[in-house]
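These notes are about the structure you will find just below.
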Amino acid sequence: MSRKIIVAGGGHGGIATAMRLAQHGFDVTVFERNKREDMGYDWTDIFDRKGFTCLGLPMPEKELYNLKHDMTFYSPSMDTPLTQNVPEDQLEIQMERKDIYNHLIHHAEKAGVKFVCECNVEGPVIIGNRIVGIKTSMGEQIGDLVIDACGMHSPVRMNLPPYFGIQKKPKDYEQFFVYRAFYNKVCEVDDVDKYKVLLLPEGGEGISWVATEEDHTDILIGRFHPFTLEEANATVERMRKSNPSIGAEKVRGGQFATIPLRQPLGIMVADGYAAIGDSAFMTVPVIGSGIANSLKAAKILADTVIADTTCAYSGEVLWQYQRKFFKELGNGLAPLACVKMMLARFTGEDLDYVFKNKILNADDMTIGADSNSLVSMMKVTDATVIPTKLYGLAKNKTVLVKIARLGYDLARAVAITAAMPKTYNRQAILKWVKEYDKPFMF
């Protein structure tokens, strides 16, 4: 008998999991609130192409994607730019969000996945201690397993009873509020300034970027706290004064979005339930990219479900999905959340000092497609550079204290993440997750 799998929400990881399960004979339906043509923001995304290839998916047509350009990072003073030098084999691809969806959905439907669009997911259906389905605007949908791909504010996860111990909402500094718009391009710019990332712009918080593409200029404004359209427009107007490529005509986008910017969810499974993608906070905490991690997690989740000969999809079985995700990705992502918190604690003056005194250099900012962990992001530093970094730190007690706290938090994060329980013992897991979340507090 074919097992019925419900995918709540049309997230990338959920669709990819649905595809792989359908290829193995499962009856899979995706319930999505948007119209099919409205799935995906009207902007481009940058991600590791291995997200496609790990699933056995062919790469899209070459005209649908480009290789990402190296980025140049600026501190608030704008005096000491640091330009990446990502090796060609580590370059991520840049692709329209809607084209990503078209590629995934085409192959999912080809495998037999059914899509029900314009259907609001409202919460879980629970019998005893098991999730058995979802409540939707079209009535209850019952299945053998619910895969939660509804995003960071998933109504499924947020309405689970406390018994499961699964965090419902992101906390302060765990989500990033983003405004993104494309403007007409007025002029060409120097190659080094084609992709500018402004850290703590104007001495404030968060980041902005100015990416001068072939036929437009891509603007992103990101903050740790909500801001208004009026504030976004005022920021763009100020950016025009130092970025002559930004025209006055908004040609695309102009949307707000929120993305998780934190460690992966501490508990992402229960009896009959597994979270994936933004629902499980799978983004890279320092850059916000999550598509490739979601696709890689989809293979892990689908293979775990396929291997379950009992077809019970219990928390005990699905815990192996979580453990394998952490082994392959999460153990590296969690410490990066500590780095994100250190940057959130920095002032503009701190960051200017770090750039000017070469405590950070271009190699440190070179984040490639495989940079999903602190280890992979750390480059082997020339021995002549290390004394310069140490001397710079020694001269600034404020920066030294903040980086010292990072070292302490990193040690705790690495130790507690590695101590994840091996089996699905609820009491042990609940005790572990309380410790797991501590190093990432502001």
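The values are calculated or read from the model by the stated rules, or taken from the named source; none is laboratory data. Since the structure is predicted, the reported quantities are computational estimates derived from the model, not experimental observations. In this analysis, Cβ positions are derived from the backbone assuming ideal geometry, glycine residues included, and neighbour counts consider all displayed protein chains. The protein model used for the area step is the full one, side chains on, heavy atoms only, and it has no ligands, DNA or RNA in it. Shrake-Rupley method; radii C 1.70, N 1.55, O 1.52, S 1.80 Å.
In the stretch 139-198, the qualifying residues are those that are among the acidic types (Asp, Glu) and not in a strand (DSSP E or B), and the one that is least open to solvent (accessible area, probe 1.4 Å) is GLU174.
Of all residue pairs spaced 6 or more apart or on separate chains, none has beta-carbon atoms under 7 Å together with a first member in the stretch 384-395 that is open to solvent by 80 Å² or more (accessible area, probe 1.4 Å) and a second member that is at pLDDT below 70 and not in a helix (DSSP H, G or I). Among the residues making up the stretch 200-210, those that are open to solvent by less than 30 Å² (accessible area, probe 1.4 Å) and touching a residue at least 60 places away in the same chain (Cβ under 8 Å) are LEU200, PRO201. For the stretch 20-74, the candidate set comprises residues that are acidic (Asp, Glu) and in a strand (DSSP E or B); within that set, the residue that is least open to solvent (accessible area, probe 1.4 Å) is ASP45. The residue that is surrounded by the fewest Cβ atoms within 10 Å (Cβ to Cβ), counting only those in the stretch 104-129 that are over 30 Å from CYS54 (Cβ atoms) and of a type in the set (D, E, K, R), is GLU118. Selection of the stretch 234-266 for residues being under 30 Å from SER279 (Cα atoms) and either hydrophobic (A, V, I, L, M, F, W, C) or in a helix (DSSP H, G or I) (or both) yields PHE256, ALA257, ILE259, LEU261, LEU265.
Per-residue answers, yes or no, for (1) surrounded by fewer than 23 Cβ atoms within 10 Å (Cβ to Cβ); (2) at pLDDT 95 or above; (3) under 25 Å from the mean Cα position of the chain (by Cα); (4) of a type in the set (S, T, N, Q):
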residue	(1), (2), (3), (4)
THR310	yes, no, no, yes
GLU316	yes, yes, no, no
TRP319	no, yes, yes, no
GLN322	no, yes, yes, yes
PHE325	no, yes, yes, no
GLY330	no, no, yes, no
ALA344	yes, no, yes, no
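Within the stretch 79-94, at least one residue is of a type outside the set (S, T, N, Q), in a strand (DSSP E or B) and at pLDDT below 95. Under the condition of being assigned to a loop (DSSP other than H, G, I, E, B), open to solvent by less than 40 Å² (accessible area, probe 1.4 Å) and β-branched (Val, Ile, Thr), the residues counted in the stretch 406-430 number 0. Under the condition of being assigned to a loop (DSSP other than H, G, I, E, B) and on the phi > 0 side of the Ramachandran plot, the residues counted in the stretch 105-138 number 3. Among the residues of the stretch 1-19, those that are assigned to a loop (DSSP other than H, G, I, E, B) and surrounded by fewer than 24 Cβ atoms within 10 Å (Cβ to Cβ) comprise MET1, SER2, ARG3.
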